[in-house]
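Student: First the structure, which I've put down as structure tokens, then a few questions once you've had a look.
The values are calculated or read from the model by the stated rules, or taken from the named source; none is laboratory data. Computed from a prediction, not measured in an experiment: that's the story for all the values here. Here the Cβ positions follow ideal geometry from the backbone for every residue, glycine too, while neighbour counts run over all protein chains shown. We work out accessible area using only protein heavy atoms, side chains counted, and drop any ligands, DNA or RNA first. Shrake-Rupley method; radii C 1.70, N 1.55, O 1.52, S 1.80 Å.
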Amino acid sequence: MADHAKFITLTPEIYDYLIAHGHNGDPIRAELAAETAKMGRISGMQIAAEQGTFMAILAAAIGARSAVEVGTFTGYSALCVARALPADGRLLCCDVNEEWTSVGRRYWERAGVADKITLKLAPAADTLKALPASHAFDFAFIDADKSSYAIYYEEILKRMRPSGLILIDNVLWSGAVIDETKEEADTVALRKLNDFIAKDTRVEAVMLGIADGLTLVRKK
């Protein structure tokens, strides 16, 4: 049983304090977030500011040079990761929506990272399976259709170098993963993947309470 004294419930005031005391105030990121927010409810697909900072720090800390992202939306997470890569680093972004990703392209150009990013507009499973087995990633982020997470996880893991990192978003799914009355396809898929990774001997993993839940996986 979890020790309830070891976590804190975030109030809006504490969350604002959290954001203010991290390096989350980059102007270009803020402008991209503001433009995305104008899209209405769908803007909720964008990752949180502190999550972007966390991902960038991890990518830089492991010296990542080759990264992949499944699910790009308006390009916020890609911007964060691409900035963390060295000048010759490369990020492969997999998405299917030209309209949303076109927003990201503009901000990638403004941030000077567009030359690091290759955007593939096609089903991500097809893009990943088409990569040669010798293609090696250092860092990966999965944040797309939940029902296909297991496919993305396996295709990326087999191409991940030892000690490379995979980050998987929305693993708590607003708490639905522990509600057995929730049987929607995405919820069931997340629940199954969470259970699988918890027992996957090929990796070390930790689930974190960042945003809607973030699992950090290190390939052994």
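Student: Could you tell me which numbered condition Y149 fails, if it satisfies all but one of (1) crowded, with 23+ Cβ neighbours inside 10 Å; (2) under 15 Å from A67 (Cβ atoms)?
Tutor: Unmet for Y149, out of (1) crowded, with 23+ Cβ neighbours inside 10 Å; (2) under 15 Å from A67 (Cβ atoms): (2).
Student: Same structure again: Considering A87, A61, A5, which residue is more than 30 Å from S148 (Cα to Cα), at pLDDT 95 or above, out of contact with any Ser or Thr (no Cβ under 9 Å at 6 or more places or on another chain) and among the small types (G, A, S)?
Tutor: A87
Student: State whether one or more residues within segment 119-132 are modelled with pLDDT of 95 or more, open to solvent by 50 Å² or more (accessible area, probe 1.4 Å) and touching a Phe, Trp or Tyr at 6+ places or on another chain (Cβ under 6 Å).
Tutor: There is no residue in segment 119-132 that is modelled with pLDDT of 95 or more, open to solvent by 50 Å² or more (accessible area, probe 1.4 Å) and touching a Phe, Trp or Tyr at 6+ places or on another chain (Cβ under 6 Å).
Student: Restricting to segment 150-197, give me the number of residues that are hydrophobic (A, V, I, L, M, F, W, C) and either within 15 Å of the chain's Cα centre (by Cα) or within 23 Å of A61 (Cβ to Cβ) (or both).
Tutor: 13
Student: If F73 meets every condition in (1) on the phi < 0 side of the Ramachandran plot; (2) of a type in the set (F, W, Y); (3) not in a helix (DSSP H, G or I) apart from one, which number is that one?
Tutor: Going through the list (1) on the phi < 0 side of the Ramachandran plot; (2) of a type in the set (F, W, Y); (3) not in a helix (DSSP H, G or I), F73 breaks only (1).
Student: Right, another one. Taking the condition of being open to solvent by 70 Å² or more (accessible area, probe 1.4 Å) and farther than 26 Å from G52 by Cβ, how many residues in segment 163-184 meet it?
Tutor: Total meeting the criteria: 6.
Student: Related question: Among the residues of segment 39-90 satisfying the criterion of being of a type in the set (D, E) and within 23 Å of M207 (Cα to Cα), which is most open to solvent (accessible area, probe 1.4 Å)?
Tutor: E50
Student: Considering (1) hydroxyl-bearing (S, T, Y); (2) in contact (Cβ under 8 Å) with a residue 40 or more places away in the chain; (3) open to solvent by 30 Å² or more (accessible area, probe 1.4 Å), say which one T11 fails and leave the rest.
Tutor: Every listed condition holds for T11 apart from (2).
Student: Only one of T36, T53 is of a type outside the set (D, E, K, R), more than 21 Å from M160 (Cα to Cα) and touching a Gly at 6+ places or on another chain (Cβ under 6 Å); which?
Tutor: After ruling out the rest, the residue left standing is T53.
Student: Residues being in contact with a Leu (Cβ under 8 Å, 6 or more places away or on another chain) and assigned to a loop (DSSP other than H, G, I, E, B): count how many of those fall in segment 48-70.
Tutor: Qualifying residue count for the region: 3.
Student: Among residues belonging to segment 186-213 that are among the acidic types (D, E) and open to solvent by less than 70 Å² (accessible area, probe 1.4 Å), point out the one that is nearest to T53 (Cα to Cα).
Tutor: The qualifying residue nearest to T53 (Cα to Cα) is D212.
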